[in-house]
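Derivation of every value follows stated rules applied to the coordinates shown; laboratory data play no part. The structure displayed is predicted, hence computed values, not measured ones. Quick reminder, even Gly has a Cβ in these numbers, built from the backbone with ideal geometry, and neighbours come from all protein chains shown.
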Ligand code: BUJ
């Protein structure tokens with residue numbers, strides 16, 4: 001592979017330039033100093049290819065099979081054959097041409113950004129997920145912990161902005177020492193043309209560098225509402241954060257004016273305390289709630305707001321340009337589901353600014369912390385990098401040394417209160433948005449369950465993929481919930497192994513899971529050996545789909561991009577494949593699922609993506625598994641009922657796999 005790479009004539013020196021500015025920064029202000037610069041692998045990442053048309057249509061039909069009757073399946077098969085003869089080849093050619101002309105991106109990423117930014121629906125519940133941090137028993141004081149998280153976030157920003165954040169790499173070989181790997185990459189960085197060779201060199205170490213094109217939007221960035229299509233805006237010179245409490249806004253610096261050092265942690269803590277000391281009641285008209293509105297509505301209200309006064313436009317500018325938002329909530333509730341509700345939507349949405357790319361949330365009275373992110377700019381891989389870095393750094397190297405918090409001077413001058421002048425029309429809009437959001441969030445049903453009787457290690461010992469076992473549990477739960485049906489299922493899979501890769505869908509409801517549900521889900525489950533064989537078949541089928549998706553060879557994004565091409569094509573009618581009721585049905589996702597298993601994550605979740613669907617955030621650890629399920633009460637679904645079925649499914653799977661391991 002190394003030999004196949006062409007060496008360009010010019011020698012990029014960005015790595016050396018960067019270390020000049022990073023070398024002015026003391027170690028205590030950085031997370032670490034990467035031996036190679038942050039984008040070391042970026043230019044050499046593989047290009048996400050447009051998949052083969054016949055292969056995608058065949059995979060699409062395989063996903064349709066368990067969802068359709070024989071008659072429906074035969075109609076959809078004919079429509080696909082027609083597509084392959086008529087519109088398909090032309091659209092594929094247009095897509096290939098488009099892909100060629102789009103050298104920096106890939107065939108789907110611009111359409112994917114568009115999908116998010118053109119969506120006019122509220123960001124709340126429709127898009128924004130949350131991830132809550134695991135406990136940190138060594139940091140019992142919640143305000144100290146928050147200070148340390150803010151401090152570590154500032155370290156993250158300085159490390160990234162100065163390009164010494166280690167590139168994101170997925171290591172497949174557990175024996176490879178990270179240190180040795182980076183030393184070798186550093187040696188490579190001395191070779192002219194290394195930017196072309198970098199990916200291939202990593203690949204030889206079974207190390208897979210991941211795309212980092214989303215990272216610039218994690219901090220100092222915001223979504224801006226605009227008519228028809230929103231936009232994203234960055235503020236690379238940002239040094240401050242905005243804190244929200246009771247719907248009010250405060251702003252203060254966390255990076256010093258030199259841009260090279262962090263404000264001392266004790267000062268950050270004093271600034272946080274200063275915000276907490278504000279004894280005014282919660283805002284009667286919390287402006288942030290406007291960001292939860294339909295995007296065209298918010299666009300108009302924002303224009304009114306900005307034009308109403310200079311105070312307003314200055315406050316908007318301060319929020320937009322902040323590094324990130326810190327939202328302090330007051331709840332005393334400690335149940336898992338109450339926390340999930342609080343982090344997912346905060347009830348009436350009064351204490352959030354949903355457009356902000358990154359939001360660190362804290363419920364200080366109970367000492368719980370989480371992150372939520374606006375989804376258009378990026379995906380779970382980029383956010384989980386920040387999440388892990390901040391969790392680990394704030395625990396291992398807390399900015400606040402012990403005892404420091406007791407000797408704090410007030411620091412009121414450095415905290416700016418951000419105010420808004422509101423006329424009657426804006427007040428009325430805020431009141432309406434608040435009511436609408438409260439009604440929507442009150443409709444959300446949410447349940448959490450963790451099962452400690454089974455996990456990754458048993459699944460692996462039985463030769464099964466842990467993720468496939470989790471997905472099969474979800475399928476079986478739905479089979480029981482619905483009285484024997486199979487539903488369109490979406491499992492999110494990252495394609496960050498490719499340049500500007502975002503996600504692909506694993507269609508985890510397969511003919512194999514359907515067969516397993518038939519055998520296991522009846523009043524008399526089939527004998528264990530049959531169940532095991534069916535489970536193994538389901539696991540194998542799911543593993544193949546997972547590999548395909550991660551390699552950019554799923555069908556979802558390909559057909560999505562072909563549909564986008566057909567909409568752009570001058571004068572061409574929309575092919576029947578895209579108006580087929582079966583195509584519409586498979587895209588009305590009933591089971592929307594996503595997983596993240598990391599020690600730093602305590603719990604996480606998101607709402608259903610269709611009115612009658614379920615949102616299932618799940619994890620499988622070494623010896624436990626669990627999920628957070630959401631549903632809308634106004635639909636026929638109940639998250640509690642789903643959870644009861646999920647519990648039954650986990651117990652059944654643990655029993656079947658346990659018997660296999662005992663045999
Ligand atoms: O697929 C995509 O393009 C993006 C998806 C969209 N969707 C959420 C609709 C699937 N976005 C993501 O997948 C990001 C989601 C991030 C939250 C994931 C939460 C999973 C953790 C749950 C932990 C449950 C606790 C179990 C305890 C053992």
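Projecting label points 7 angstrom from Cα along Cα→Cβ for residue 121 and residue 662 puts them 4.6 nm apart. Normalised by 2.2 N^0.38 Å, where N is the number of residues, the C-alpha radius of gyration of region 60-141 stands at 1.84.
Taking the longest Cα principal axis of the chain as reference, the axis of helix 380-396 is set at about 50 degrees.
The eigenvalues of the Cα gyration tensor, multiplied by 5 and square-rooted, give region 453-495 an equivalent ellipsoid with semi-axes of 22, 16, 7 Å from largest to smallest. Answer rounded, prolate or oblate for the chain, using the Cα gyration tensor with square roots of eigenvalues a ≥ b ≥ c: rounded when a/c is under 1.5, else prolate when a/b is larger than b/c, else oblate. Here the chain falls in the rounded category. When a/c reaches 1.5 or more, the comparison of a/b and b/c decides; with that in mind, is region 338-467 rounded, prolate or oblate per its Cα gyration tensor? Verdict is oblate for region 338-467. Take each peptide in 464-475, 416-427, count the other Cβ atoms within 10 Å of every residue, and average; sorted highest first, the result is 464-475, 416-427. Ordering 89-99, 290-300, 167-177, 440-450 by mean Cβ neighbour count within 10 Å, with the highest value first, yields 290-300, 440-450, 89-99, 167-177.
Quick check on region 549-622: what are the equivalent-ellipsoid semi-axes from the Cα gyration tensor, as sqrt(5λ), descending, whole Å?
Largest first, region 549-622 gives 33, 16, 10 Å.
Against the compact-protein benchmark of 2.2 N^0.38 Å, the Cα-based radius of gyration of region 504-663 scales to 1.23.
Using a Förster radius of 41 Å, what is the FRET efficiency between residue 568 and residue 74 based on their Cβ-Cβ separation? Nearest 0.05, please. Efficiency, from the Cβ-Cβ distance: 0.85.
Taking the empirical scaling 2.2 N^0.38 Å for compact globular proteins as reference, region 194-246 has a Cα radius of gyration ratio of 1.80. Got a sec? Which residues in region 227-265 would a label at residue 279 touch, if it sits 7 Å along Cα→Cβ and we count backbone N under 17 Å? Label zone hits: none.
With the simple model of a label 7 Å out from the Cα in the direction of the Cβ, residue 598 to residue 190 spans 3.4 nm. For region 102-182, the gyration tensor built on C-alpha atoms gives an oblate shape. Its axis ratio a/c (a ≥ b ≥ c) is at least 1.5, and a/b is not larger than b/c.
Sorting 653-660, 374-381, 100-107 by their mean Cβ neighbour count within 10 Å, with the most densely packed peptide first, gives 374-381, 653-660, 100-107. In the calculated pair distance distribution of region 461-576, what percentage of Cα-Cα distances lie above 25 Å? Roughly 36 percent, rounded to a whole number. If R0 equals 45 Å, the separation of the Cβ atoms of residue 304 and residue 544 corresponds to a calculated FRET efficiency of about 0.25. With 0.36 nm allotted per residue and the present C-alpha distance subtracted, the residue 482-residue 231 stretch has 86.3 nm of extension available. Compared with the dominant principal axis of the Cα atoms in the chain, helix 194-204 is inclined by about 50°.
The label-point distance for residue 334 and residue 442, in a model that sets each label 7 Å from Cα toward Cβ, rounds to 2.9 nm. As I understand it, the value is the acute angle between the Cα axis of helix 466-481 and the longest principal axis of the Cα atoms of the chain; what does it come to in degrees, rounded to 10? Result, in degrees: 70.
Averaging the sequence gap over all C-alpha pairs within less than 8 Å and six or more residues apart, then dividing by the number of residues, gives region 121-243 a relative contact order of 18 percent.
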